[in-house]
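Have a look at the structure below, then the notes.
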Amino acid sequence: MSVIVIEFITLDGVVSDPDGSAGTPRGGWAFRHGPQAVAGDKFRLGRTLDEGVLLLGRTTWQLFSRLWPGRDDPFAARMNTVPKLIASRTLAQTDTSAWANSTLLDGDLADAVKRESRDVIITGSLSVVDQLRAADLVDEYRLLTFPSVLGTGRHLFPTDGPRAELDCLSTQQIGAAVLTHYRRAAR
């Protein structure tokens, strides 16, 4: 089992509001490069998505639960089929019916991830990423870096965060962006 973080990110490390849905002044930066820049399996998850589980925080899950069920392309079918775990203290299990195969996590987030036998894929959900990184549970980062510099916004790796050593496994240009795949360095 691996814990995989996938994020749209700018050259200066900002990950907040890539689609503009949060309404921030500089939001929507990833989508300025056209829909092809963000459509489909840009993170090259392949079978990992088919056999793994998505782990989403409440805000990301609520956004995705409004977007994905109404789409009918092959990647949307995969997103709608994959099991989804929701890390939330405010949602009720009855609220999860908006998106098929969604389940509210019960108990401690890190403990739930440790018990999971499938690969865990986290997209967006920075509070979830922060908690799992603090618990030293993140194994991989797949970052789609866009040629934008925002100067402000939430960073994936905060300046006061824990140190991490990573190995770069691959890089690939995908339209205007570059997909970089990192794995935790051997200890």
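The values are calculated or read from the model by the stated rules, or taken from the named source; none is laboratory data. Note that the coordinates shown come from a computational prediction; the quantities given were computed from them, not determined experimentally. Note that each Cβ is placed from the backbone with ideal geometry, even for glycine, and that neighbours are counted across all protein chains shown. All accessible areas refer to the heavy atoms of the entire protein, side chains included, with ligands and DNA or RNA removed. Shrake-Rupley method; radii C 1.70, N 1.55, O 1.52, S 1.80 Å.
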task: Would you kindly identify the strands (runs of 3 or more DSSP E) lying entirely within the stretch 134-187 that contain at least 3 residues that are open to solvent by 30 Å² or more (accessible area, probe 1.4 Å) and within 18 Å of residue 42 (Cα to Cα)?
output: 166-174, 177-184
- line: When residue 36 is run through (1) buried (at least 21 other Cβ atoms within 10 Å of the Cβ); (2) closer than 19 Å to residue 172 by Cα, the failure sits at (1)
message: Checking residue 44 against (1) under 26 Å from residue 182 (Cβ atoms); (2) assigned to a helix (DSSP H, G or I); (3) open to solvent by 70 Å² or more (accessible area, probe 1.4 Å), only one condition comes out false. Which one?
response: (2)
message: Going by what's in this entry, would residue 86 be described as touching a helix residue (DSSP H, G or I) at 6+ places or on another chain (Cβ under 8 Å) and buried (at least 21 other Cβ atoms within 10 Å of the Cβ)?
response: yes
task: Kindly indicate whether any position in the stretch 50-61 is among the charged types (D, E, K, R), over 21 Å from residue 14 (Cα atoms) and either out of contact with any helix residue (DSSP H, G or I) (no Cβ under 9 Å at 6 or more places or on another chain) or open to solvent by 60 Å² or more (accessible area, probe 1.4 Å) (or both).
output: yes
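Per-residue answers, yes or no, for (1) at pLDDT 90 or above; (2) among the hydrophobic types (A, V, I, L, M, F, W, C); (3) not in a loop (DSSP other than H, G, I, E, B):
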| position | (1), (2), (3) |
| --- | --- |
| 1 | yes, yes, no |
| 16 | yes, no, no |
| 22 | no, yes, no |
| 50 | no, no, yes |
| 64 | yes, yes, yes |
- request: Report yes if some residue within the stretch 110-123 is in a loop (DSSP other than H, G, I, E, B) and over 30 Å from residue 136 (Cβ atoms); otherwise report no.
  value: no
